[in-house]
Amino acid sequence: MTIVRPSGVLTNTATSTTSATIFAANAGNVRGRIVWNDSAAILYLAFASTAASATNATIAVAAGATYVFDQPVYNGQVTGVLASGTGTARTTEY
């Protein structure tokens with residue numbers, strides 16, 4: 001049996017109180033997505049092409065926490081916004 005180890009794409013996306021694209025839609029074979037909220041505030045993620053907000057979010061990622069997408073992996077666009085301040089969404093897609 002051959003074990004396939006996918007190659008990951010690491011990205012750092014600046015985050016603030018203005019919604020930003022965290023992951024672009026990917027019609028390819030996405031096996032996993034990970035987001036590390038490298039900030040001091042909650043990061044709201046919306047699994048949609050619409051702007052994320054505290055009241056329009058799929059999940060809230062605590063400051064300093066990591067979120068690993070469930071299987072099967074959602075491969076559509078993901079937007080994100082911080083509750084306050086600025087930070088970085090450090091992502092891996094494989």
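Laboratory data are not the source of any read-out in this text; all were calculated from the coordinates shown. This one's a predicted model, so the numbers in the text were calculated from it and none came from an experiment. Here the Cβ is made from the backbone with ideal geometry for all residues, glycine too, and neighbour counts use every protein chain on show.
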* Residues of segment 28-56 classified as touching a residue at least 40 places away in the same chain (Cβ under 8 Å) and closer than 16 Å to Phe69 by Cβ, total -> 10
* Can you name the residue in segment 57-94 that is part of a strand (DSSP E or B) and hydroxyl-bearing (Ser, Thr, Tyr) and, of all such residues, is surrounded by the fewest Cβ atoms within 10 Å (Cβ to Cβ)? -> Thr66
* Asked: Of the residues Ala27, Ala48, Ala54, which is surrounded by 13 or more Cβ atoms within 10 Å (Cβ to Cβ) and of a type outside the set (Val, Ile, Thr)?
  -> Ala48
* Asked: Taking Thr13, is it assigned to a strand (DSSP E or B) and either under 14 Å from Thr92 (Cα atoms) or in contact with a Ser or Thr (Cβ under 8 Å, 6 or more places away or on another chain) (or both)?
  -> yes
